[in-house]
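See structure below.
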Amino acid sequence: MKFILPVMLLLFMFMPGLAQQVPAMGEKIKTLTLSDTILYAAIDRPGDFYVITVTGQIQRYDKDGRLMLLYKAERAPTLFDPRDGARLFAYYRHDQHYEFLTPSFRATASYQIDPAFAIHPWLICPSGEYKLWVLDKADQSLKKIDVKASAVEVEVVVDSALIENTEAFKTMREYQSFVFLLNPAKGIFIFNSLGRHIKTIGTPGIRTFNFLGEELYFLRNGTLEFFNLFTAESRQMKIDTGFTDALLTDERIILFAPERIDIFAFRP
């Protein structure tokens with residue numbers, strides 16, 4: 001079901017809320033040992049997960065850890081978003097291009113970023129089928145571009161006191177019409193559909209973040225932290241400190257170390 005997060009709710013979320021049921025990690029299903037170092041990981045809506053390695057591999061696994069496909073790019077994408085698993089998105093900062101891939105990793109379309117829209121894109125993420133959010137390093141602006149119409153739909157210069165160093169931002173995602181930007185040293189910055197900053201989750205040390213239903217979650221210092229975007233309720237689950245990232249589905253928790261993946265049954 002599609003829904004829009006109320007702005008006023010976001011202004012007050014991440015304040016202490018009522019305790020929720022603690023999520024439970026079940027039995028281990030599989031351990032995978034990789035011959036390459038994991039750079040980051042992503043998950044699509046059906047539950048397949050993707051591992052991006054430092055040498056540019058993109059590995060696709062099903063929920064039980066079976067390797068379905070391996071693709072070797074010239075280099076690792078700056079940002080990879082598998083979306084619904086049918087139309088994958090990859091952005092490469094080094095030559096300012098992005099492409100859409102099929103589930104078999106065949107590129108169906110590849111585009112350069114038009115300098116008329118963004119002079120020095122730092123991060124780009126998809127918004128729906130034909131739009132992009134762009135964080136432009138040149139003027140510290142956040143822009144929403146309608147690629148099909150060749151038009152800038154939203155353009156907001158972000159307060160320099162807020163954003164400081166654009167290069168400190170490591171990833172960007174749109175979720176339910178809001179934009180989430182991660183600065184690992186400061187936390188997650190949240191912007192509304194008009195590009196206006198409305199909230200910062202001021203938690204240093206977050207490497208990546210993701211979403212499961214109504215919750216935002218991230219792994220930090222050996223603890224998996226959940227925040228409900230509607231009720232402001234929070235919950236935590238202790239994880240072995242040897243892991244650096246986690247991905248969740250309704251059935252699985254997938255934990256990542258630099259060259260290892262552990263898959264467990266999961267009850268959200």
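List of remarks:
- Over all pairs of different C-alpha atoms in the range 93-144, the reciprocal of the mean inverse distance, the Kirkwood hydrodynamic radius, equals 11.7 Å.
- Each label was represented as a point 7 Å from its Cα along the Cα-to-Cβ direction; for L39 and T108 these points are 2.4 nm apart.
- Calculated FRET value between K72 and E129, using beta carbons and R₀ = 22 Å, to 0.05: 0.20
- Computed with the Debye formula from one identical point scatterer per Cα of the range 179-225, without solvent, the log10 of I(q)/I(0) at q = 0.14, 0.15, 0.22 Å⁻¹ comes to -0.33, -0.38, -0.78.
- Across S150, S35, S177, mean-square fluctuation computed from a Gaussian network of the chain (C-alpha pairs under 10 Å connected) peaks at S35.
- Descending Cα extents along the principal axes, the chain, whole Å: 52, 44, 34
- Within a straight-line Cα-Cα reach of under 16 Å, K144 can be paired with the following aspartates and glutamates, leaving aside sequence neighbours fewer than 8 residues apart in one chain: D114, E129, D136, E153, E155, E174.
- Cross-link pairs K143/K186; K131/K186; K30/K131; K72/K199; K63/K238; K131/K170 - those with Cα-Cα distance over 30 Å: K30/K131; K72/K199
- For the chain, the dipole from Cβ point charges (+1 on Lys and Arg, -1 on Asp and Glu) about the Cα centre works out to 280 debye, to the nearest 20.
- Mean projection of the Cα convex hull over all viewing directions, computed for the range 85-198: 7.1 nm².
- √(5λ) per eigenvalue of the Cα gyration tensor, the range 128-255, largest first, Å: 28, 17, 13
- If you plug the beta carbon distance of V156 and K28 into 1/(1 + (r/R0)^6) with R0 = 51 Å, you get a FRET efficiency near 0.65.
- With q set to 0.13, 0.29 Å⁻¹, the log10 of I(q)/I(0) for the range 50-113, from the Debye formula over equal scatterers at the Cα positions, is -0.32, -1.46.
- Within the chain, helix-based [θ] at 222 nm, where runs of 4 or more DSSP H residues each add -39,500 (n - 2.57), nearest 500: -500 deg cm²/dmol
- The simple spin-label model puts a point 7 Å past each Cα toward its Cβ; for E259 and R196 those points are separated by 5.0 nm.
Readers should treat all values here as calculations from the given coordinates under stated rules, not as data from a laboratory. This is a predicted model, so every value here is computed, not measured. Cβ coordinates were reconstructed from backbone atoms using ideal geometry, including for glycine residues, and neighbour counts include every protein chain displayed.
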